[in-house]
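Before any comments, here is the structure.
Read-outs: derived from the displayed coordinates by stated rules, not from any lab. Please read all numbers here as calculations on a predicted model, not as lab measurements. All Cβ positions, even for glycine, are placed from backbone atoms using ideal geometry, and neighbour counts span all protein chains on display.
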Amino acid sequence: MRDLREIAMDGLVLSAWARADGWSRAGLYRQLKAEGWQRVVEGAWLEPGAPVDLKVRLLATQWTAPYLVVSHSAAAWLRGIELPYPEAEFTAKRLHIGRHRSSIHRIALPDTEVTELHGLRCTTVDRTLADLLRQAPQDDAITAVESALTWRRVRHQRRRPLTTLDRVGRAAGQEGMGGRVGALKRLRLVDTRSASPAETVARLRMAEAGLHPTPQVELTTHEGRLVRPDFFFVRDGVVVEIEGYAFHGTREAHRRDVERFNDLQMSRSAPHPSFHRARGLRRQRPHGGADPPRPLPPATAPPTPPPEDPFAFKVSAPPPYEGSPLRLSGRSPSSDRKQRALTRLM
């Protein structure tokens with residue numbers, strides 16, 4: 001009977017491995033608790049002190065249930081496809097999975113669409129993107145497709161495009177798969193000129209507001225510097241930069257990028273409002289060269305009072321008090337009347 005660390009692989013030990021090595025059920029759980037092993041999923045334990053990240057959860061789940069295939073956002077994360085919140089998602093290769101497990105999709109998955117990557121069986125690139133187009137939220141699906149179709153810097157490394165738009169379209173439009181029509185409709189929103197997830201989501205929010213700028217246009221500043229802003233409103237002559245140092249690599253790179261674009265008149269927007277708001281984008285759009293700002297009224301003109309609101313709640317002042325002044329002594333009026341009555345009797 002070996003030590004648990006000798007049985008473990010990649011810091012993980014399965015109860016089935018320990019039982020096969022001679023550990024009894026009661027002795028195994030006493031030893032796991034005494035040494036501080038961390039339970040990842042039922043039947044899988046991680047060595048003490050090691051972080052329980054997404055890769056560990058994927059390994060533990062698939063090792064305890066070999067019929068599960070990593071898919072959707074988890075398969076995209078394994079391949080370096082950018083997504084805001086990847087989760088441990090799987091596709092079951094059989095309909096009866098024994099016991100309930102969360103984040104498991106029960107859809108048809110042929111062997112030709114399964115491959116192995118980093119010690120895990122996962123869906124191919126085209127099948128992964130097709131699954132996201134069919135079942136993921138629209139922002140996540142389009143962000144993943146545009147990331148897979150373009151050069152990106154992921155985990156401090158420059159990653160080449162993983163597939164083509166035609167291959168993704170064929171996988172998403174495969175006959176017999178649910179959500180095929182919606183997936184192809186979403187695929188029409190993809191723009192391979194996008195350079196980051198923030199730009200993708202910002203473009204979708206602007207489209208919802210009726211704004212359709214041109215992305216990644218080459219412009220020349222007054223100093224002769226060539227720049228490529230994120231978005232350019234051709235008619236108004238206004239460029240828009242989606243700022244956020246998380247997509248520039250470092251804060252220093254972000255600072256240099258801001259200084260590089262200071263020569264241009266632009267509307268700057270941080271990623272967070274653009275991710276969640278579409279109605280306010282029209283109000284944030286500045287006046288370009290074709291639409292000069294409205295002149296202010298002269299300083300000597302009296303300010304125009306605001307129009308009276310007929311539904312405003314008005315509070316009128318109370319009428320003046322015309323009675324006798326308030327008594328400041330601690331005696332009440334009834335006690336004064338009693339005192340005057342006693343004086344008259346005396």
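The figures follow:
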item: In region 13-100, the chymotrypsin sites (Phe, Trp or Tyr not before Pro) that fall in loop regions by DSSP, at most 15 other Cβ within 10 Å; result: Tyr67
item: Computed lengthening from Arg235 to Ile104, 0.36 nm per intervening residue step minus Cα-Cα distance; result: 42.3 nm
item: Amide H contacts of Glu87 (H built 1.01 Å from N, under 5 Å, at least 5 apart or other chain); result: Ser73, Ala74
item: Packing-based exposure ordering (other Cβ within 10 Å, fewest first) of Arg188, Arg159, Arg106; result: Arg188, Arg106, Arg159
item: FRET efficiency estimate (nearest 0.05) - Cβ-Cβ, Ala50 to Asp166, R0 41 angstrom; result: 0.45
item: Segment Arg25-Tyr67, length gained on full extension (0.36 nm per residue, minus Cα span); result: 12.6 nm
item: Footprinting exposure proxy for His212, His105 (fewest neighbouring C-beta atoms within 10 Å first); result: His212, His105
item: For region 1-50: relative contact order, % (alpha-carbon pairs under 8 angstrom, 6 or more apart); result: 38
item: Long-range amide H partners of Val154 with built H, under 5 Å; result: Arg159
item: Amide H contacts of Phe231 (H built 1.01 Å from N, under 5 Å, at least 5 apart or other chain); result: Gln216, Val240
item: Sorted by Cβ neighbour density within 10 Å, fewest at the top, the residues Leu133, Leu219; result: Leu219, Leu133
item: Förster radius 22 Å - calculated FRET efficiency between Val154 and His118 (Cβ-Cβ, nearest 0.05); result: 0.95
item: Relative contact order of region 53-187, pairs being alpha-carbon contacts under 8 Å that are 6 or more residues apart, as %; result: 22
